[in-house]
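The values are calculated or read from the model by the stated rules, or taken from the named source; none is laboratory data. Here the structure is a predicted model, which is why all the values come from computation and not from measurement. In this analysis, Cβ positions are derived from the backbone assuming ideal geometry, glycine residues included, and neighbour counts consider all displayed protein chains.
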């Protein structure tokens, strides 16, 4: 048996065979990255395997092909979603309204609303986010957006897209809802059908994306 210095590391040599004298590495993979470690006499091999290309965080996309209608001006209403992206990962829809997170993290939550005003006067809508609780106790502070929707003109409803986002910390099982209130029931969120001349996609009444950052 002899001790031999190789590359400034003290190794153990037994019967002519070189062995390592240092401790093994303990390597753990992260999100969408798998690390495999193998050990030979004097060699550590780490194999890195990427999962889904370009995906580092959890995400979800949801939308509604229906309408969001308020029946009075003194009540807040919760938006419902009819559809989900087929490949959502870690973010899901529950009970038709609850954007639910399966993993702890910080998420960028973005909403886009197709606003309609059927009245001849301009009217307003307020949209905000609510977290976990039913009722005002769950309102996320400083998350409201207040806009005036154009009036109808020339027999065409007034239309406006409202789009904005927030950053929110969540725990597993937390959920976020989109809430709105109107100053006149002529204002709503409505789906606009696909066009034919030229061909255009359908415009859902609401679209929401949540991506981990």
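Assorted remarks:
- Condition met for residue 142 (loosely packed, with under 15 Cβ neighbours inside 10 Å, assigned by TED's automatic domain parsing to the domain that holds residue 78, in a strand (DSSP E or B) and at pLDDT 95 or above): no
- Residue match in the range 155-162 (condition: farther than 16 Å from residue 79 by Cβ, crowded, with 18+ Cβ neighbours inside 10 Å and at pLDDT 95 or above): yes
- Any strands (runs of 3 or more DSSP E) falling wholly within the range 147-196 and containing at least 1 residues that are touching a helix residue (DSSP H, G or I) at 6+ places or on another chain (Cβ under 9 Å) and more than 12 Å from residue 114 (Cα to Cα): 175-182
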